1. Of all residues in region 34-68, how many are surrounded by fewer than 23 Cβ atoms within 10 Å (Cβ to Cβ) and among the aliphatic types (A, V, I, L, M)?
2. Say we look at region 89-107 and pick out the residues that are in a loop (DSSP other than H, G, I, E, B) and in contact with a strand residue (DSSP E or B) (Cβ under 9 Å, 6 or more places away or on another chain); which of these is farthest from Arg40 (Cα to Cα)?
3. Filter region 62-78 down to the residues that are out of contact with any Phe, Trp or Tyr (no Cβ under 8 Å at 6 or more places or on another chain) and hydroxyl-bearing (Ser, Thr, Tyr), then identify the one that is farthest from Ile10 (Cα to Cα).
4. Would you confirm whether any residue within region 146-155 is touching a residue at least 60 places away in the same chain (Cβ under 8 Å), of a type in the set (D, E, K, R) and in the same structural domain as Tyr226 (by TED's automatic domain parsing)?
5. Among the listed residues Glu230, Glu272, identify the single one that is at negative phi, exposed (fewer than 13 other Cβ atoms within 10 Å of the Cβ) and without any contact (Cβ under 8 Å) to a residue 60 or more places away in the chain.
6. It is to be established whether one or more residues within region 114-135 are among the small types (Gly, Ala, Ser), surrounded by 14 or more Cβ atoms within 10 Å (Cβ to Cβ) and either out of contact with any Gly (no Cβ under 7 Å at 6 or more places or on another chain) or outside any helix (DSSP H, G or I) (or both).
7. Please enumerate the residues belonging to region 69-88 that are surrounded by 17 or more Cβ atoms within 10 Å (Cβ to Cβ) and either part of a helix (DSSP H, G or I) or over 17 Å from the mean Cα position of the chain (by Cα) (or both).
8. State the number of residues belonging to region 185-208 that are buried (at least 18 other Cβ atoms within 10 Å of the Cβ) and either touching an Asp or Glu at 6+ places or on another chain (Cβ under 6 Å) or at pLDDT below 95 (or both).
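The values are calculated or read from the model by the stated rules, or taken from the named source; none is laboratory data. A quick note: this is a predicted structure, and the numbers were derived from the prediction, not measured. Here the Cβ positions follow ideal geometry from the backbone for every residue, glycine too, while neighbour counts run over all protein chains shown.
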Amino acid sequence: MTTDIGFDDITVDYVSIAAARAMGGLRLVLGAYTIPGPWRESCKCLFDVKGIPYTSVRCSNEGASETGFGADGTHSELIAWTAQSSAPVAIWEDERPRSSWMDQLNLAERLAPEPRLVPQDFEARVRMFGLINEIAGENGLGWSKRLILVGQALNIAEPDSVEYAFWQTLGQKYLYTPAAGLAAKARMIEILIKLDAELAASRARGSRYFIGDSLSALDIYAACFYALLEPLPPDLCPMATAYRPAYRNADPDIESHMTPALGGHRDFIYREHLKLPVVF
C-alpha cells in the first residue's frame, strides 16, 4: 500500500528568515516543502558535494504557509533580505545574497576549491557554463517546462479562482505569453537533443560524464533538472504525491527525446555522487 506524501512532510529543520539573518556561515533559502525544484536541488547538491555545511531556510514569512509560493504576499521578508522572491538563495556570512545559479556555483568553488566542479581548461569551462545555461538559465529547459505548466493550468483554471491567480503570478515571473508557451516545447526538445549528443560524445571517448572524466557542475544540473521530465521513484525522492504528475512529462514528442542515455546519466550521478534518498 502506497502512502501519500504531503506538501509539508519535511524532515529537515528549516529556520525562519529572521533567525537566518542573525546567523553566520552559509545559509540556503530553499523553502520548507517536499518538492524537488531543480534549481533548489542543484544548489543543495553543489554544497553537499563540496562538503560545505549550511543552514536550510524557509521562503515564507514567519508563521505563514509555504503553499502560496509568495503569491499571497508572504515572501515579503525574503524580498527584504534578498531583493527578490524566489528560492534558492545562498548567503555566505555578511556577503550579498546570491540568487542565480552561476553565482551559487562560483561561491561553492571559492569556499571549497576541491573537489573541482568547474573545469580548469578554458574551452571546457566555456562549454560547461553554456550548457548549464541551456538547462537552468532563462528560456532553458527548466524555464521552458514552467512555461508549459503555466499555459496548461491557465487553460483549465477558473479565471476568478485562487488557482488561476497563483498561475498568473507564476506566469509573470517566467514572462509567460501564449506565444512563449507554444515555443517552449520546441525549445525543450532542442536542448534534450543537444544534451544527448554531448553524452554520446562522452561515451565515445570512454567517459560517463559530460566534461572530462570526473564530475562537473553540468552533471549535477542535468541530473537534478531531469526531475522535470521523470522524477526519481518515491523511495529515492519522497516528493509530495500531488505534485508528482506535474513533474512527470506527458508529452509524447518530448518523451521521444528522453533517451535512455539521459535517464541513465541522471541515475548514475545520483547513485555515485549525490545524496539518496533526496531529503526535504
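1. Of the residues in that region, 4 qualify.
2. Glu93
3. Ser76
4. Checking region 146-155: not a single residue is touching a residue at least 60 places away in the same chain (Cβ under 8 Å), of a type in the set (D, E, K, R) and in the same structural domain as Tyr226 (by TED's automatic domain parsing).
5. Of Glu230, Glu272, the one residue that is at negative phi, exposed (fewer than 13 other Cβ atoms within 10 Å of the Cβ) and without any contact (Cβ under 8 Å) to a residue 60 or more places away in the chain is Glu272.
6. Within region 114-135 (the criterion being among the small types (Gly, Ala, Ser), surrounded by 14 or more Cβ atoms within 10 Å (Cβ to Cβ) and either out of contact with any Gly (no Cβ under 7 Å at 6 or more places or on another chain) or outside any helix (DSSP H, G or I) (or both)), the answer is no, since none of the residues qualifies.
7. Scanning region 69-88 gives Gly70, Ala71, Thr74, His75, Glu77, Leu78, Trp81, Thr82.
8. Matching residues across region 185-208 total 1.
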